[in-house]
Amino acid sequence: MSIQNDRWIIEQAKRGMIDPFEDAQIRSGVISYGVSSYGYDMRVAPEFKIFTNVLSSIVDPKAFDPRSFVEFSGDVCIVPPNSFALARSVEYFRIPRDVVTITVGKSTYARCGIITNVTPFEPEWEGHVTLEISNTTPLPAKIYANEGIAQVLFFRGEPPITSYRDKKGKYQGQTGVTLPKI
């Protein structure tokens, strides 16, 4: 298995792997996004679900209560202290059969106590990425829509026997912010 560079990412994006795609790093006055040497910095869309405990609910991944979130759309999302928001990527990804990804948060946010969690994109998964953005600080935190949020690293290997598409994965083709499913 090997990590893929900017040349490979640009070539795959021309074939539809990332849409919309920025073929250079956009940095001026924004948290950077676009292709980098060995990854792609995706953006967060202006569509958020901010966690609230107004109902004193229990977080249960097998029976998740969507009323635990407040929906918000806008250019800046304020994540409450010691809380989190779900969001989605601006980009729609179509992962090749011989590729798996790992996503890591942007250092600008990490240095502010903001952690972005994304699970791997499995071979032949496609969709908008659901992002979990945690504010680990005791202060409210700003998240800037349409700017960089996390970097996707692409690893190529031998194609698997069964891809995400083959097994009809429950998050295949997701659009919008997608809540947990069983």
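The values are calculated or read from the model by the stated rules, or taken from the named source; none is laboratory data. It should be emphasised that the depicted structure is a prediction, and the values quoted were computed from it without experimental measurement. Cβ sites come from the backbone with ideal geometry, for glycine too, and all protein chains shown count toward neighbours. Note: accessible area is taken over every heavy atom of the protein model, side chains too, but ligands, DNA and RNA are not part of it. Shrake-Rupley method; radii C 1.70, N 1.55, O 1.52, S 1.80 Å.
Observations
- Shape of the stretch 37-76, Cα gyration tensor, a/c cut at 1.5: oblate
- Rolling a 1.4 Å probe over the heavy atoms of the protein chains gives the stretch 1-96 an accessible area of 54 Å² per residue.
- Dipole of the chain, positive end: most advanced residue of PRO159, MET17, PHE69 [Cβ charges, Cα centre]: PHE69
- The 3J(HN,Hα) values that the Karplus relation (6.51, -1.76, 1.60; θ = phi - 60°) gives for the stretch 140-151 are, in residue order, x, 10, 8, 10, 9, 5, 6, 10, x, 10, 7, 9 Hz. Gly and Pro appear as x.
- Between amide H atoms placed 1.01 Å from N, distances below 5 Å from ARG97 occur with GLU124, all of them 5 or more places distant or on a separate chain.
- Ranked by the mean number of other Cβ atoms within 10 Å per residue, highest first, peptides 78-86, 7-15 order as 78-86, 7-15.
- Placing a label point 7 Å from the Cα of VAL30 along the Cα-to-Cβ direction, the residues of the stretch 76-93 whose backbone N falls under 12 Å of that point are 90-91.
- Whether the stretch 27-124 is rounded, prolate or oblate, judged on the alpha carbon gyration tensor where a/c under 1.5 counts as rounded: oblate
- Heavy-atom accessible surface of the chain: percent carbon and sulfur, 1.4 Å: 53
- Distances between placed amide hydrogens fall under 5 Å for PHE84 paired with PHE51, ASN135, all partners being 5 or more residues away or on another chain.
- Cβ-placed point charges (K, R +1; D, E -1), dipole of the stretch 88-182 about Cα centre in debye, nearest 20: 180
- Charge dipole magnitude, Cβ of K and R +1, D and E -1 - the stretch 142-182, Cα centre, debye nearest 20: 200
- Measuring between their Cα centroids, the stretch 40-94 and the stretch 1-24 lie 27 Å from each other.
- Dipole magnitude (debye, nearest 20) for the chain, charges at Cβ of Lys, Arg, Asp, Glu: 220
- Peptide packing: for 144-152, 169-177, 33-41, 102-110, the average count of neighbouring Cβ atoms within 10 Å per residue gives the ranking 144-152, 33-41, 102-110, 169-177, highest mean first.
- Of every Cα-Cα pair in the chain, the percent that sits beyond 29 Å: 22
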